[in-house]
Amino acid sequence: MTVFTQILGYVGAALISIAFLPQTYKLIKTKDTKGLSLTCYLIYHLGLTFFIIYGSFSHNWPLVAANAVGWVINLILLALICYNLYQAKKHPQENPKKSWKENVKEKMQARKEQKEAKENSEEQDND
């Protein structure tokens, strides 16, 4: 293998490794995974695992490096998807069209309004 092909392999590995970083960042920030398929990411994760094993046996380290980093990033995505699915089942009364974060904000706002209403009624009772 020439130096040029090794450089191509490592550049390709680096690009593949960071390909899902923008998606991961967005999901961590918004906590909104309702448009993502758990099955798709599970299959992708299995494929990454097989590529890591294949690359290890064939001593193709750019392949191993790219897929190992992708495997970790995909694991984070899977964890977020599973967590949001768990939250949706745990709290089914919430609006499924809204993200978990939006539903929490609504709950906090409702509690704040209830507290203010209670304080106002106590003030009126004291007058």
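The values are calculated or read from the model by the stated rules, or taken from the named source; none is laboratory data. Computed from a predicted structure; not experimentally measured. Ideal geometry is used to build each Cβ from the backbone, glycine not excepted, and the neighbour counts take in all protein chains shown. Note: areas computed on protein heavy atoms with side chains; ligands, DNA, RNA excluded. Shrake-Rupley method; radii C 1.70, N 1.55, O 1.52, S 1.80 Å.
Structure above, values below:
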| item | result |
| --- | --- |
| Any hit, segment 46-61, residues being at pLDDT below 90, open to solvent by less than 80 Å² (accessible area, probe 1.4 Å) and over 20 Å from the mean Cα position of the chain (by Cα) | yes |
| Any hit, segment 91-101, residues being part of a helix (DSSP H, G or I), out of contact with any Asp or Glu (no Cβ under 8 Å at 6 or more places or on another chain) and either modelled with pLDDT under 85 or hydrophobic (A, V, I, L, M, F, W, C) (or both) | no |
| Enumeration of residues in segment 62-78 that are open to solvent by 60 Å² or more (accessible area, probe 1.4 Å) and under 11 Å from the mean Cα position of the chain (by Cα) | Leu75, Ile76 |
| Residue count for segment 22-43, restricted to those that are within 27 Å of Val104 (Cα to Cα), part of a helix (DSSP H, G or I), in contact (Cβ under 8 Å) with a residue 12 or more places away in the chain and open to solvent by 80 Å² or more (accessible area, probe 1.4 Å) | 1 |
| Where Glu119 falls short, out of the listed (1) closer than 18 Å to Ile28 by Cα; (2) modelled with pLDDT under 85 | (1) |
| Residues of segment 44-65 that turn out to be within 24 Å of Ala79 (Cβ to Cβ) and not in a helix (DSSP H, G or I), as a count | 0 |
